[in-house]
Structure formats: structure tokens, C-alpha cells
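Read the structure below first, then the notes.
The values are calculated or read from the model by the stated rules, or taken from the named source; none is laboratory data. All figures in this text were calculated on a predicted structure; none of them were measured in a lab. When we count neighbours, we look across all protein chains shown, and the Cβ atoms used for this are built from the backbone with ideal geometry, even at glycine.
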Amino acid sequence: MSIRLKVILPYLFLTIIVSVIGVYVVTRLVSNTIQERLTNQLLEAGRVVSDSFVRQEVRHVETARIIAYTTGLADALASEDRETALTLAEPVFAGLGVENLILVSSQGNELVHLILDEKGRTQRVDQDTGAANSPIVAPFLANRNFEEPPRRALGVNLVNDGTYYYTSIPVSAEGRFSGVVVVGTSIRNILPFLKSTALADIIIYGGDGQAIGTTLGVSDQNTLNLISIPKTEYQQIIVSKDIVTGNNISVDGRSFSIARGPLQVGNDRIGVFAVALPLDFVIKSGADSRTTYVILFTIVFFFVLVIGFVVSRLIINPLYSLVNTSQAIAGGDLEQRTGIRSNDEIGTLAHTFDEMTSRLQEHTLELERMNQVLRNIDKTKTNFIQISAHELRTPLTLIMGYSQMLEQDTKDNPELLAMAQGILDGSERMTDIVDSMLDVSRIDSNTLFLRKTGLRIDLLIKKVNKGFEKAFEERNISMNMDGLRDLPLVPADPDLLLKVFHNVIMNAIKFTPDGGAITISGRYLNGNEPPQVEVAIRDTGIGIEPALQKLIFEKFNQTGDVLLHSSGKTKFKGGGPGLGLAIARGIVEAHGGKIWVESQGYNEEVLPGSTFFVSLPVEKQMETST
């Protein structure tokens, strides 16, 4: 994605979001639709009703506790002293403004029942109304635990057939359960308060979905039946978690929108309530304002877009110039400059970029001159190695020839024979070094000539190992081979590949302490393209530091202190010119393969060992010919 889009698209996206949010907020707060505001009002009224019942419950509990803690009342209930209980409860009943009070003894007898009549006068009820069997009293009588929390319910008082909201608490005397206090408030008196608080009409439903009270101004049973709900719907609402809006109803020719919810106090759901609002509750004053605000925000939106486009061009055009210049410089045109002249941050950046390009151009020219010098030096070094190797071969050939003659002529003189053999060994080692120098020069000059033929890796490595039999025996190093016979033929130069494994195995011998082991294994990787033969040479030697695992394949590179190396080429930590692995890498890469080493690190005590891998391609015809 271009920077132009990266600047414009977020700006455009944010502008749209701000505009949409603005339109939404305005239409939401100022000119929202009737139905939206009606629904919000219904839900809010429903929450007010729930909160009002909770506050009523608090008043009930406080009143019931005052009555329960009246001196002597608990003892009167425990002893079923009706007269004393009535004498103590009646003044408190009148003073607290309770509408209905029932006192039940611990034996389940209804000792006191006081109720206010329609004129607000206290009425004593002598008959047993069955309060002891109600769901908010019977559990207390059964459990006889005065520490249980209050219980509450909606119920019908049999004295006047009025529906009340009841709260009951247990009473104790001297640590014993004495009875139950039941306080009730008429739904008829609660509903007006709820209406004034919730600013909506209220409907209370009983357990079967029947409407038992409402502020809609109706009293006949037919209308109550009209606003009732089915029992199944009642059961669904009472277990729901939220207030839900229901269907519209019509009462006395006026339409109402309904929201119903469970009437929950504490942990108890005592019924279902509904709030009702007339459909014409909201005056449609914002219908025209919606269109006005939408048009206004649309104009502002396009105006902001124009400003954003102008600002983005002022920023993006110089940046494009910077991008084009940087691409030209990356392509090698160090003469290119931005040409930006401004006093802002982009102008400063462009000026700095042009200065950096100028310095880069100067450094590049200097580096090119230095690289040419280094190439000349490297070429001179390669020529020197090649000339030196060629010049050394002739005297070495003479030395080896005369040494062999001396060896034959001094067989009867042990002292002279040892000297002749020493000269011969030294000249042979010198010849190996000269040959290695010549191989390196061929590799560096890309003049390595390959005479490929189908090779069996196992036979080649056996030939190499045969040349090290004396070293294995002297150093007590065991040699193991695994899986080499199963490898397919490899198209390679036998003489050059022999040098590869000779140098790698000799390297493993030199850095493996006496008594160690070398394992050579192979596997055929037919998942690669082309297929590969991978040979692994593992030793139990001193290992190689991770930082040196690539450097050891460079010519004349050696690990450790060169001056501390042994003089024998197969001795432990034996010396050498540092050309073996460089030659091995050059030969392997000339065959289209690769060589690398893996080691956990260097440690002469733990002996983590090293594993050299040689991977060589196998041609399809070679693969099928095995």
C-alpha cells in the first residue's frame, strides 16, 4: 500500500467515524425516534420499580425487627400469651404505620393479626387466616432457626381479599426460636408510589400470570383479565435476567407499550411486574431535526475531506520525491538528489538525505578504489602461491628421488637409513602442502577440472581409511561406518572426492584425543531436488566454537594457538597449513554440493565432538541405475 493511501485512508476512515458518531449522538439525544425513546423510558421505569421494591423490603425488615425486639414480645410468642402479645404489638403497629401485622408462635399458632381497614382504622382479626402455612412462614417453623434471612412474597389476605407484599423474619428469646413476625403492605397503596417514582403505569402479576394490581385506572375483573398474561409467559419472564419489552395493549381506547420483568427482592423472585407507557408519550419534535443534522454533518464531512486532501498532498508529494530518489540511489545512481527546498521537517530530512547521499558517493568511490587494490593484492597472492608451488615441485622431486636412493643404499646402516627416511617423510609432507597450494589456486581461479564418474561412496571412504590405518592404530581411535553401502552412485571426480574425505577424516583424527572414535554414516535424501547423498563424519573430539564453524573452511584458517600445534599431521592437535577444509569446500561446491559442520562448542574435558556433513547431488539417471 502506498503512503498516499496510508495517509488518506485512515484520515477518511476517522472522518467517517466522527461524522457517523456525531449524527448518531445528535439524533440520539435530540431527535431520536418515538419508539427508541419509549423503549428506553420503559426499561428505566422497570429498573425504578425493582429498586422501589428493594427499598420497601428494607422498610419491612426494619419495621419487623422493631416489633420483634419489643420487650416481652418474644417471650409472649414463646409462651403463646395472646393477650400480652396483642397488648405489646398493637401500639407499635399503630405507631409505625404498618398496614398488616401477623405474629405466629413457635407452635404455628396465629396469635396476633392486625390490619388497617379502608378508613385507616386498626382491625383485630380473631380468625386463623392460615398464615402459618404460607411459604414465608412454614420454613421458619420447620427449621426453627432464628438466624435464617428474611423471606418475602406476594399474597392475598383472606380478611379483605387484598393483595399484599409480605416480609417475614424469625423471632428469638434467650437464644431460642420463639416465632415469626410478618409485615405486609397493600399492593393497592404501593402502586401509586411506584407510578409517581417510575413515571409510568404499573401492573403486578400473580403466580398464574393474572394481573392482581395496576395503576391504569381500571378495577373491573374483565379489564384485569385483559391485561393478564398466560402462565407460560409468566414462567418465562420470572426466570429471565433482564427487563423485556412486550406487545402493545389497549385499555379504554388508549394504546400502551409494555415492558415486563421479574420482581426480584434479595435472592427471591416474588412475581412479575410490568411498566406501561402510552404510545404518544414522546412528542415527535425531532423528526425534521434529524434530516437537518444529517445534511449539516454531510457538508462538514466533505469540507474536512477537501482540507485533508490538500494537507496530504503537501506532505505526500515531497515524500514521493524522497522515495523516488532513494530508489534511484538503491539502483546505483548516486548522482540523484531530492531537489526539495522547504523549511519544515521534510525539507530538513531531504537536505540531510542529500548530504548523506553525497558522502555515500564519496565513500563508495573510495571503497571501489580500495576493492580494486585488494583484488590486485589477492590476485598477486594467488599468483605467488601458484608460482611458488610450481617452483617447489622440481626441487622436491629431486629431494624425494635422492632420498629414495639413499634409503636403498643405506639399508645396512641403521643410522643413515633413519636419516634418509626422515628426509623422505619431510619431502612427502612438503609435496602434500605444495599439492594443496596448487589445489587452492585452481579453486580460486575456477580452473578445477572434474572428471565425473559413478562412484560408490563406501569404497571411496574405505580407500581413505586404509591410508590412515597406522594413525588409527597408533592413536587407538576406532573407525565405524554405517549405511554407506546402501547409498546410490554419486557422479563425481574420484581423485578430487578422495581429497575431500581425506582432509575431513584427517581433521577428525587430529582433533580427537587418543582412544576416541570416528563414525561415518550416510543417508539418501530423495525429497530434495535433485536428490542428495549426505555423508556425516562424527568424532568424539574437542569440538569447535560456534563462531569458528564457518571460518575453518577459509584458507589458511586454523583453530587455537598455531604455535602450540603438534608437528605430526595425524597427531592430536596436529599442525598444517590450514588448507584442507578450504580445499574440501571448493571441491564439494564444484560438484554442486555443500559441506558444513555442527558442534556444541569447544571443550577438551567434556569432548562434545564435531560432525562434518558432505552433501552431494545425485542425478536422476544415477539414481535409477543403482
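Structure above, values below:
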{"read-out": "Residue within the stretch 120-130 that is closer than 27 Å to Ile238 by Cα and at pLDDT below 90 present", "value": "yes"}
{"read-out": "Pairs where the first residue, in the stretch 89-103, is in the same structural domain as Thr167 (by TED's automatic domain parsing) and in contact (Cβ under 8 Å) with a residue 12 or more places away in the chain and the second is surrounded by 15 or more Cβ atoms within 10 Å (Cβ to Cβ) and among the aromatic types (Phe, Trp, Tyr), C-beta under 7 Å, 6+ apart", "value": "Asn100/Tyr164; Leu101/Phe93"}
{"read-out": "Some residue of the stretch 441-451 being in contact with an Asp or Glu (Cβ under 6 Å, 6 or more places away or on another chain) and within 24 Å of Gln532 (Cα to Cα)", "value": "yes"}
{"read-out": "Search result, residues across the stretch 158-179 that are of a type in the set (A, V, I, L, M) and closer than 15 Å to Ile66 by Cβ", "value": "Ile169, Val171"}
{"read-out": "Test: residue in the stretch 511-524 that is more than 47 Å from the chain's Cα centre (by Cα) and part of a strand (DSSP E or B)", "value": "yes"}
{"read-out": "Long-range neighbours under 9 Å by Cβ, at least six apart or interchain, first residue without any contact (Cβ under 8 Å) to a residue 60 or more places away in the chain and more than 17 Å from Thr570 (Cα to Cα) within the stretch 501-529, second of a type outside the set (A, V, I, L, M) and in a helix (DSSP H, G or I)", "value": "Ile520/Asn465; Ile520/Phe501"}
{"read-out": "Filtered residues of the stretch 116-161 (kept if surrounded by fewer than 16 Cβ atoms within 10 Å (Cβ to Cβ), among the charged types (D, E, K, R) and out of contact with any Phe, Trp or Tyr (no Cβ under 7 Å at 6 or more places or on another chain))", "value": "Asp117, Glu118, Lys119, Arg121, Arg124, Asp126, Asp128, Glu147, Asp161"}
{"read-out": "Evaluation of Ala547 against (1) at pLDDT below 90; (2) exposed (fewer than 15 other Cβ atoms within 10 Å of the Cβ); (3) farther than 19 Å from Ser610 by Cα (one fails), failing number", "value": "(3)"}
{"read-out": "Wholly within the stretch 148-251, helices (runs of 4 or more DSSP H) carrying at least 3 residues that are at pLDDT 85 or above, over 17 Å from Val54 (Cα atoms) and outside the structural domain of Ala94 (by TED's automatic domain parsing)", "value": "231-238"}
{"read-out": "Residues of the stretch 327-377 that turn out to be part of a helix (DSSP H, G or I), farther than 25 Å from Ile315 by Cα and without any contact (Cβ under 8 Å) to a residue 12 or more places away in the chain, as a count", "value": "16"}
{"read-out": "Residue ID - surrounded by the most Cβ atoms within 10 Å (Cβ to Cβ), chosen from residues in the stretch 74-115 that are in a loop (DSSP other than H, G, I, E, B) and of a type in the set (Gly, Ala, Ser)", "value": "Ser106"}
{"read-out": "Selection from the stretch 116-147 of residues that are under 23 Å from Glu62 (Cβ atoms) and assigned to a strand (DSSP E or B)", "value": "Leu116, Thr122"}
{"read-out": "Evaluation of Leu111 against (1) under 25 Å from Ile190 (Cβ atoms); (2) in contact with a Lys or Arg (Cβ under 6 Å, 6 or more places away or on another chain) (one fails), failing number", "value": "(1)"}
{"read-out": "Check on Thr84, at pLDDT below 90 and either of a type in the set (Ser, Thr, Tyr) or not assigned by TED's automatic domain parsing to the domain that holds Val183 (or both)", "value": "no"}
{"read-out": "Index of the failed condition, Gln236 passing every other in (1) touching a residue at least 12 places away in the same chain (Cβ under 8 Å); (2) surrounded by fewer than 20 Cβ atoms within 10 Å (Cβ to Cβ)", "value": "(1)"}
{"read-out": "Test: residue in the stretch 552-564 that is closer than 17 Å to Leu455 by Cα, hydrophobic (A, V, I, L, M, F, W, C) and at pLDDT 75 or above", "value": "no"}
{"read-out": "Qualifying residues in the stretch 41-77 (those that are without any contact (Cβ under 8 Å) to a residue 40 or more places away in the chain and β-branched (Val, Ile, Thr)) - the one farthest from Ser172 (Cα to Cα)", "value": "Val58"}
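A quick yes/no check of all residues on (1) of a type outside the set (Ser, Thr, Tyr); (2) over 21 Å from Gly22 (Cβ atoms); (3) surrounded by 13 or more Cβ atoms within 10 Å (Cβ to Cβ); (4) modelled with pLDDT of 75 or more:
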{"site": "Phe302", "(1), (2), (3), (4)": "yes, no, no, yes"}
{"site": "Ser312", "(1), (2), (3), (4)": "no, yes, yes, no"}
{"site": "Leu319", "(1), (2), (3), (4)": "yes, yes, yes, no"}
{"site": "Asn324", "(1), (2), (3), (4)": "yes, yes, no, yes"}
